[in-house]
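Inspection log for the structure reproduced underneath, given as structure tokens.
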């Protein structure tokens, strides 16, 4: 095996697409989006003796006081053929983390935060395979730990049957009221989406990313990131942003206007995008995260479309400076309590 940096976007994306439930946050498109926001980011891979990628991950660098740490969003990604082979899996992971510490990390690195696309716990969920030589702590989740997935290989009739009856009713209602679904085309449409997001944030009292995040996501996502609107008459009453990557379409951000909410436009917007994804040959539709405690209304909305609940392995920190990490953890906990 060999650990190295990769600059071949096609090879990287091809590897990710083959793994099933393709992770957009590990793709070259997401790297380009972060680069456009002046983030320092690299991509490292482990290759086998045939120079084929068997594990890859983007590394996003953040600064914390005089230290820095790395974040691997939805990564590392391990070749799916290793997932059921415990010994091989442990061997690859041991090699990856050892090489990481030896070649990438310097004395100012506090920890490495990662979100593996595979289960790293044993059947009793208390031992991290044979990675006990590393100081690994369970961390607070950055990306949602649970999501809702639709299997798009099911027929349209099966997808509808799997929905909650109220969701089916709302889709039919929006159709009867002649709500239309259309795609964003220009800068004016992007501004419309931003205004919808601001309206939704104010109404539901949640914070938004900076506008440049959505702009870079849309502009640098190339043809992999799309915005769709629900329109009634002359009014745009709902909008949503999606990623189309590999075998999966993921719902990224959604928003709606204050008026005409009785037309249930977001339901039809989701349904039409689901059908579009299915017709284009995608295998999965990911609702982008659920959490009954944090987002009860949004979670009910997503669960209403049926599908199955999918739980990720979670977020972990590979600790490199235990004392400084302890201080960081205490400060982080205090900030979360009061902010």
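Annotations
- Number of residues in segment 321-339 that are at pLDDT 90 or above and assigned to a loop (DSSP other than H, G, I, E, B): the value is 1.
- Looking across segment 172-188, the residues that are assigned to a helix (DSSP H, G or I) and either surrounded by 18 or more Cβ atoms within 10 Å (Cβ to Cβ) or modelled with pLDDT under 95 (or both) come down to 174, 187, 188.
- Residues (under 22 Å from residue 283 (Cβ atoms) and in contact with a strand residue (DSSP E or B) (Cβ under 8 Å, 6 or more places away or on another chain)) located in segment 18-53: 19, 21, 22, 23, 24, 25, 26, 27, 28, 29, 30, 53
- Any hit, segment 237-249, residues being outside the structural domain of residue 27 (by TED's automatic domain parsing), under 18 Å from residue 181 (Cα atoms) and not in a strand (DSSP E or B): no
- Within segment 267-298, the residues that satisfy the criterion of being part of a helix (DSSP H, G or I) and more than 25 Å from residue 246 (Cβ to Cβ) are 267, 268, 296, 297.
- Taken together, the residues in segment 163-208 that are on the phi > 0 side of the Ramachandran plot and touching a residue at least 24 places away in the same chain (Cβ under 8 Å) amount to 1.
- Residue match in segment 209-232 (condition: touching a helix residue (DSSP H, G or I) at 6+ places or on another chain (Cβ under 8 Å), surrounded by fewer than 15 Cβ atoms within 10 Å (Cβ to Cβ) and without any contact (Cβ under 8 Å) to a residue 24 or more places away in the chain): yes
- Long-range neighbours under 7 Å by Cβ, at least six apart or interchain, first residue at negative phi within segment 317-332, second crowded, with 16+ Cβ neighbours inside 10 Å and part of a helix (DSSP H, G or I): 318/97; 319/325
- Residues of segment 31-41 satisfying the condition of being out of contact with any helix residue (DSSP H, G or I) (no Cβ under 6 Å at 6 or more places or on another chain) and under 14 Å from residue 71 (Cα atoms): 31, 34, 39, 40
- Of everything in segment 82-113 that is in a strand (DSSP E or B) and out of contact with any helix residue (DSSP H, G or I) (no Cβ under 6 Å at 6 or more places or on another chain), the residue that is nearest to residue 324 (Cα to Cα) is 109.
- Selection of segment 233-252 for residues being surrounded by fewer than 19 Cβ atoms within 10 Å (Cβ to Cβ) and on the phi > 0 side of the Ramachandran plot yields only 233.
- Counting only strands (runs of 3 or more DSSP E) that sit completely within segment 1-81, those holding 3 or more residues that are surrounded by 19 or more Cβ atoms within 10 Å (Cβ to Cβ) and outside the structural domain of residue 251 (by TED's automatic domain parsing) correspond to 40-47, 53-64, 67-72.
- Flag if residue 255 is part of a strand (DSSP E or B), free of Cβ contacts under 8 Å to residues at least 60 places away in the same chain and surrounded by 21 or more Cβ atoms within 10 Å (Cβ to Cβ): no
- When the test is whether a residue is buried (at least 16 other Cβ atoms within 10 Å of the Cβ), in contact with a helix residue (DSSP H, G or I) (Cβ under 7 Å, 6 or more places away or on another chain), at negative phi and at pLDDT below 85, residue 131 passes it.
- Unique residue being out of contact with any helix residue (DSSP H, G or I) (no Cβ under 6 Å at 6 or more places or on another chain), closer than 23 Å to residue 19 by Cα and touching a residue at least 40 places away in the same chain (Cβ under 8 Å) when the list is 312, 287: 312
- Considering only residues in segment 151-171 that are in contact with a strand residue (DSSP E or B) (Cβ under 8 Å, 6 or more places away or on another chain) and outside any helix (DSSP H, G or I), the one that is surrounded by the fewest Cβ atoms within 10 Å (Cβ to Cβ) turns out to be 151.
The values are calculated or read from the model by the stated rules, or taken from the named source; none is laboratory data. What you see is a predicted model, and the numbers here were worked out from it, not measured in a lab. Reconstructed Cβ throughout: ideal geometry from the backbone, glycine too, with neighbour counts over all protein chains shown.
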